[in-house]
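What follows is one structure encoded as C-alpha cells, with my remarks underneath.
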Amino acid sequence: MKHFKNNRDVGLQNTWKEKLHPEFEKDYMKNLSVFLREEKAKKKIIYPSGKKIFNALNLTDFHKVKVVIVGQDPYHGEGQANGLSFSVEHGVAKPPSLRNIFKELKSDLGIEEPIHGNLTGWGKNGVLLLNSVLTVEAHKPGSHYNRGWERFTNKILELLSENEKVVFVLWGKKAQEKVASINLQCNSVIKSAHPSPFSANQGFFGSKPFSKVNIMLREKGLNPVDWKL
C-alpha cells in the first residue's frame, strides 16, 4: 500500500483526480494512509488490492455518473472485492446480497441473473458503485470503519450533488446515513431495505429500484441504464 501523499500516488486516472485533489492534502487522508501502511507492515491482508481501491472512480468518470449505488465496506473474503460496491470478480461465487439484487432485477425488469457477479458493465454504463468505506481487513467486516473513508466518500457524494441529473440509490440504514451529504432539493434519491438476506424481505424485494432509476433518468433527459450484464 502506497502512502498516498497526493492523488498522483493512488492511481486516480480521470476527472476525479482533479476533483478530489484537495482531500489528499488533508490530515484525515494522510492519517488514513499511515493506518493502511501500518496494517500492511503488520502483515495483515487488506482488500481490495491497492490498485483496485479506487476502481469505482476510475471506471465511472465524474462527468459520466448518472446513478450512484452506495454500499458499505468491501467483501472481506479472499478474491471477492474488486473495488465496486456489491460486485465480485469473475469466477467468484456471488454473495447472498448480490444474488438478491439479481433476483430483484429479474422481478423488476425481467433480466435473467448473469452467470457472474462482476458489475463492471454497470460502472461503464454510468453507475458509480461506491462503497462507504473502501478497504477492509480480510475476514473482519467493518474493520476499517471510522478511519477516514466515510469522510472521503461523503465528499464524493457532495460533489455529485452539484449535478442535478444524478440518481442516488441507498439500500439499508448505513447507506441512508449518507443522505446528509446529498442535496435533496435538486437530486433524486431511492431508498429501501438492504438486499442482505437479513433484510431483503423487509422492503428490498418488490421495491423495483432499476425501473425507478430509469424513469427518473428519462425525466432528467438522460438515457436509461442498460442493466443487463
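The values are calculated or read from the model by the stated rules, or taken from the named source; none is laboratory data. Everything quoted here is computed from the prediction, not taken from an experiment. So basically every Cβ, Gly included, is an ideal-geometry build from the backbone, and we count neighbours across all protein chains shown. To get the accessible areas, we keep the full protein, side chains included, count just its heavy atoms, and leave off ligands, DNA and RNA. Shrake-Rupley method; radii C 1.70, N 1.55, O 1.52, S 1.80 Å.
Comparison of Glu38, Glu18 shows that the only residue that is more than 30 Å from Val189 (Cβ to Cβ), out of contact with any Asp or Glu (no Cβ under 9 Å at 6 or more places or on another chain) and not polar (S, T, N, Q) is Glu38. With a requirement of 2 or more residues that are among the polar types (S, T, N, Q), the helices (runs of 4 or more DSSP H) lying completely within the stretch 1-119 that satisfy it span 27-41, 55-59, 96-109. In this entry, Asn223 passes the filter for residues that are open to solvent by 40 Å² or more (accessible area, probe 1.4 Å) and in a loop (DSSP other than H, G, I, E, B). If you check Glu150, Glu104 for being charged (D, E, K, R) and without any contact (Cβ under 8 Å) to a residue 60 or more places away in the chain, only one passes: Glu150. The single condition from (1) open to solvent by less than 10 Å² (accessible area, probe 1.4 Å); (2) on the phi < 0 side of the Ramachandran plot that Lys178 fails is (1). Would you point out the residue of the stretch 123-144, among those that are within 16 Å of Ser49 (Cβ to Cβ) and surrounded by 23 or more Cβ atoms within 10 Å (Cβ to Cβ), that is nearest to the chain's Cα centre (by Cα)? Here the answer is Asn131. In the set (1) touching a Leu at 6+ places or on another chain (Cβ under 8 Å); (2) in contact (Cβ under 8 Å) with a residue 40 or more places away in the chain; (3) in a strand (DSSP E or B), the condition left unmet by Ile190 is number (2).
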